[in-house]
1. Excluding A:Ile31 itself, what net charge comes from residues whose Cβ is under 12 Å from its Cβ, given Lys and Arg +1 and Asp and Glu -1?
2. With label points built 7 Å along Cα→Cβ from the Cα atoms of A:Val62 and B:Glu177, find their separation and express it in nm.
3. Carbon and sulfur: what percent of chain B's accessible surface (1.4 Å probe)?
4. Using a/c under 1.5 as the rounded threshold, could you call the stretch B:117-194 rounded, prolate or oblate? The axes a ≥ b ≥ c are square roots of the C-alpha gyration tensor eigenvalues, and prolate needs a/b larger than b/c, oblate otherwise.
5. Name the residue from A:Leu35, A:Pro55, A:Leu5 whose Cα lies farthest towards the positive end of the charge dipole of the stretch A:2-62, charges +1 on Cβ of Lys and Arg and -1 on Cβ of Asp and Glu.
6. Pick out, from B:Leu289, B:Gly258, B:Ile131, the residue whose Cα sits farthest towards the positive end of the charge dipole of the stretch B:13-409, with +1 on the Cβ of Lys and Arg and -1 on the Cβ of Asp and Glu.
7. Would you please give the FRET efficiency between B:Arg72 and B:Val16, computed as 1/(1 + (r/R0)^6) with r the Cβ-Cβ distance and R0 = 30 Å, to the nearest 0.05?
8. Under a point-charge model restricted to the Cβ atoms of Lys and Arg (+1) and Asp and Glu (-1), what is the dipole moment magnitude of the stretch A:2-62 relative to its Cα centre, in debye to the nearest 20?
Amino acid sequence: MKVELEADKCVASGQCVLAAMEVFDQDDDGIAILLDEQVADGQLDDVREAIAVCPAAAIRLVEQ
Amino acid sequence: MAPTQAGTMPEAPDTVPEFPMPRDARCPFDPPPALKALQEEAPLTKVRLWDGSEPWLVTRYADQRALLGDPRVSADTDSPGYPTKASPEGGEGKLSFIMMDDPEHARLRRMVTAPFAIKRVEAMRPAVQRIVDSLIDDMLAGPQPVDLVEAFALPLPSLVICELLGVPYADHEFFQENTKTMVRRTATPEQRGAAVREVAGYLAGVIGKRIAEPQDDLLSSIAGRVTAGELTHQEATEMALLLLIAGHETTANMIALGTLALLQNPDQLALLRDTDDPKLVSSAVEELLRYLHITHLGRRRAVTEDIEIGGQVIKAGDGIIMVNEIGNRDAEVFPDPDRLDLRRDARRHVAFGFGVHQCLGQPLARMELQVVYGTLYRRIPTLKAACAIEDVKFKNDAFVYGVHELPVAW
Ligand code: HEM
Ligand code: SF4
């Protein structure tokens, strides 16, 4: 699975970083960035949590 | 607030409930029982406000999140249909981007997101720990009982905001005095208004100084926007004031009301007192945010284009109120929702709202509350309320729910 992030939607809530620290980080302005768009199986639950808590619907999982 | 009786004319049988509804005085931590009934029986229903207007009340978690995330809703208090709050505290006024819509909202919000990034907030943790420890030192050295609100809950967020904005240490006392007046129950609306103007004037002055001589703080970065022509001095001041007001009483109420809720649930308090596990403390913070949900007047919006939801069309020009406090008690999302359970996974709560306006200060609020809940009960293990729960004055009529004072001893 691959994770996609629409940075222009991001409102810098930081929720994805709290949910999945290995996958998401923030740039100097607090806008989310992807550390790795490939999601390992062990990270899937955390990424799903990030999607659930993102207030701006900026994150998606896509099948490859 | 006392709902005004809308005349005495005999009308068609009146089934439209008034909002806000009263809580059950025996359950001060629970939302009004009428909200629960609506959530079960009529999750989308019209209610009547103080001014006679009839917005929709949205009580289910999923509907609340869908609507708060919908670009066809407006947070602008001037939008037709916007459900205005009755104002016991003297006018809400326009306060920077919290009352704006995108794209202007996003433009302004992004100017101040940097210091709220998770890592930046983490870097402030030692400073917050020092403030918490020194406030506790002062309490322990002073007489008992002491009002936890006055001695601890209010000064902490005020000092943290000083730290964040870059208010010089010498002005902390001025700042604290005025920010306390802004929320003190016994202050008259005039006194409150005067305190807000004092602080706004002060912030405008500091921003002026930072325009001339920038430093490494948030007020300087806001001042830089003025220099760059992206903000007027007035807009910059309103933004600084929003950051102060939004983060002050909210955090303070979570500290005091949270402490009272824990004192009423000794088994849960014991969990915090006996742990140094940051995971448990962080889970406790999420659960207390969910359970207490202090912004009890609901997230308010106006609908700008027809929206269909749950088989119902909400028309352009209708007002909607998402009562997140009952959303946080939706059994479909949180099993056994009325139980305070610090170990549950409460992360999906909507205590910080949802959508593009979701709380900007949430990483900071979380960190402050983690430090507080992780420190206060361990350092004062015998902490107890110094009055009966029946005598506690709850902020039923305030914008943000909490307790007016909480006498404690140990
Ligand atoms: C536990 C404490 C807090 C709670 C419960 C809380 C709650 C909320 C809620 C519910 C909203 C959404 C308003 C809406 O959608 O209409 C909000 C927005 C906001 N909060 Fe907080 N807040 C807290 C602490 C803070 C702190 C510490 C700060 C800053 C220092 C802060 C700054 C803001 C700002 C700037 C907004 C407006 C965001 C926007 O409109 O884009 N809050 N807060
Ligand atoms: S959760 Fe969404 S809005 Fe928040 S930082 Fe991540 S991408 Fe941005």
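The values are calculated or read from the model by the stated rules, or taken from the named source; none is laboratory data. Since this is a predicted model, take the numbers as computed values, not measurements. So basically every Cβ, Gly included, is an ideal-geometry build from the backbone, and we count neighbours across all protein chains shown. Only protein heavy atoms, including side chains, enter the accessible area calculation; ligands, DNA and RNA are left aside. Shrake-Rupley method; radii C 1.70, N 1.55, O 1.52, S 1.80 Å.
1. -3
2. 6.0 nm
3. Numbers: 9350 of 17690 Å².
Percent of accessible area from carbon and sulfur atoms in chain B: 53.
4. Details: a/c = 2.19, a/b = 1.22, b/c = 1.79.
Oblate shape, in that a/c is at least 1.5 and b/c is the bigger or equal ratio.
5. Looking along the dipole axis, the top candidate is A:Pro55.
6. The residue sitting farthest along the positive end of the dipole is B:Ile131.
7. Working: r = 24 Å, r/R0 = 0.81.
So the FRET efficiency works out to roughly 0.80.
8. Approximately 280 debye in magnitude.
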